[in-house]
Amino acid sequence: MKKLLLGLAASTALVSPAFAELLELEKDELTFGFIKLTDMAPLAVAYEKGYFLDEGLFVTLEAQANWKVLLDGVIDGQLDGAHMLAGQPLAATIGFGTEAHIITPFSMDLNGNGITVSNEVWEKMLPHIPKMEDGRPQHPISAEALAPVVEEFRNEGKPFNMGMVFPVSTHNYELRYWLAAGGLHPGYYSPENISGQIGADVFLSVTPPPQMPATLEAGTIHGYCVGEPWNQQAVFKGIGVPVITDYQLWKNNPEKVFGITAEFAQEYPNTTLAVTKALIRAAMWLDENENANRPEAVEILSRAEYVGADYDVIANSMTGFFEFEKGDKRDIPDFNVFFRYNATYPFYSDAVWYLTQMRRWGQIAEPKSDSWYDEVAKSVYKPEIYLEAARLLVEEGLADEADFPWDSDGYKAPTPAADIIDGIPYDGRAPNAYLESLPIGLKAEQRVVGTEVEG
């Protein structure tokens, strides 16, 4: 173990003190995994701006082929931690799919996803979408406009297929939420049938993020939900049209997390704190001065070792805009949020929302009590680690005390109806009441048995 003097290298918007907190790191050489998406930015920035080095950490960042490979790498120790789908630590901890106790001390971002359809589907949707005075489509666009297209496919004996990135991904749940809000059933899971297509009007399947545009162009899928830059890539290639962003679907919804095993956090507590400190600083840098650093961040992400997409494609969403059709570029300044609105704090209520969606669609087969949701959230999301790291940054003069929710009980105020596309509010303290309020999905004692819902 080494005594390390921290905080001497990288400059920040705040004045760095001459000396920073002394931590005794249990492990200083680390390898972190990520998927080629713009929301891996905190990892790239912490590396490129020297924040990991400031903490005495020698970090290697490695792109992973897909989310399963990434999760397996963290579980078996090939990776010390990773940019993860928020649903992955929760699903692993409750034993859905791969079983392992994964925790998160840091939430990586808010928003950042979109839903895109093929040009053919878009043309069929257009007659059902209200227009603004200038003739452009009025946003947000409801899946009600997609329903006649799905019906046309059904009448022709053709399945309507859409892609998402992983069964426990935000993208799966957001796509399902959008479809259900428009009256389209995205299908159930059961212990015997994990396709997620039981009773579906729209058939969802897994496609890795970088392969989404090519799969759409090939006609294998008719639309998809994915993070950036793969919606904007469809616009640049002229093969598809994004119909809604997740910011329009649910304002400031939680997205990725940084995941480590519970064993790692227990064995290397100071290292875990140091990593969290570096990631918080990276998130602050990404959002400070009204996103003034975003052009530099886009340049970093466009490099082949990170996202590897064209600068202009990444900049389209990362710098506060989003292009729906060519030339129809609209202001969405909060499309990518990395620090504002307590984005990095791992709220229990965010975890509970993911768990409600797992239950809603049958990935959690049996009904659960409200206290169960709370207990699982607290076993995975670790705001106490986050706040300890934040306190060290404040004491070192590297962060402002006012920027952190010190007195939070881990639950956000309920999300108001006006911030969600279906007008149904969400309160993480009452998960079962929330499930009852959703018109499509499992409720109370219901279970999927065979191809039917019973109870």
Return the only residue of Glu396, Glu388 being open to solvent by 50 Å² or more (accessible area, probe 1.4 Å), modelled with pLDDT of 95 or more and not small (Gly, Ala, Ser).
Glu388
Flagged pairs (Cβ under 6 angstrom, 6 or more apart or on separate chains; first in region 291-305, more than 16 Å from Phe321 (Cβ to Cβ); second at pLDDT 95 or above and open to solvent by 60 Å² or more (accessible area, probe 1.4 Å)) are Ile300/Glu48; Ser302/Tyr311
Please give the number of the condition Asn155 fails out of (1) under 24 Å from Gly238 (Cα atoms); (2) out of contact with any Lys or Arg (no Cβ under 7 Å at 6 or more places or on another chain); (3) surrounded by fewer than 19 Cβ atoms within 10 Å (Cβ to Cβ); (4) free of Cβ contacts under 8 Å to residues at least 60 places away in the same chain.
(1)
Matching residues in region 368-416 - criterion: being over 22 Å from Val275 (Cα atoms) and under 21 Å from the mean Cα position of the chain (by Cα):
Tyr373, Asp374, Val376, Tyr411, Lys412, Ala413, Pro414, Thr415, Pro416
Of these, Val168, Val206, which one is of a type in the set (A, V, I, L, M, F, W, C) and crowded, with 19+ Cβ neighbours inside 10 Å?
Val168
Does Val453 fit the bill of being surrounded by fewer than 21 Cβ atoms within 10 Å (Cβ to Cβ) and in a strand (DSSP E or B)?
yes
Only one residue in Gly240, Gly219, Gly223 is modelled with pLDDT of 95 or more and surrounded by fewer than 20 Cβ atoms within 10 Å (Cβ to Cβ). Which one?
Gly219
Could you list, in sequence order, the residues of region 426-450 that are of a type in the set (A, V, I, L, M) and in a loop (DSSP other than H, G, I, E, B)?
Ala430, Leu438, Ile440, Leu442, Ala444
Phe335 fails exactly one of (1) surrounded by fewer than 21 Cβ atoms within 10 Å (Cβ to Cβ); (2) in contact (Cβ under 8 Å) with a residue 40 or more places away in the chain, namely (1)
All positions within region 365-385 that are of a type outside the set (Ser, Thr, Tyr) and either in contact with a strand residue (DSSP E or B) (Cβ under 9 Å, 6 or more places away or on another chain) or outside any helix (DSSP H, G or I) (or both)
Ala365, Glu366, Pro367, Lys368, Val380, Lys382, Pro383, Glu384, Ile385
Can you list the strands (runs of 3 or more DSSP E) found entirely within region 45-145 that contain at least 1 residues being touching a residue at least 24 places away in the same chain (Cβ under 8 Å) and crowded, with 23+ Cβ neighbours inside 10 Å?
81-84, 102-107, 113-118
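The values are calculated or read from the model by the stated rules, or taken from the named source; none is laboratory data. Everything quoted here is computed from the prediction, not taken from an experiment. Every residue, glycine among them, receives a Cβ derived from its backbone with ideal geometry; neighbour counts consider all protein chains shown. We work out accessible area using only protein heavy atoms, side chains counted, and drop any ligands, DNA or RNA first. Shrake-Rupley method; radii C 1.70, N 1.55, O 1.52, S 1.80 Å.
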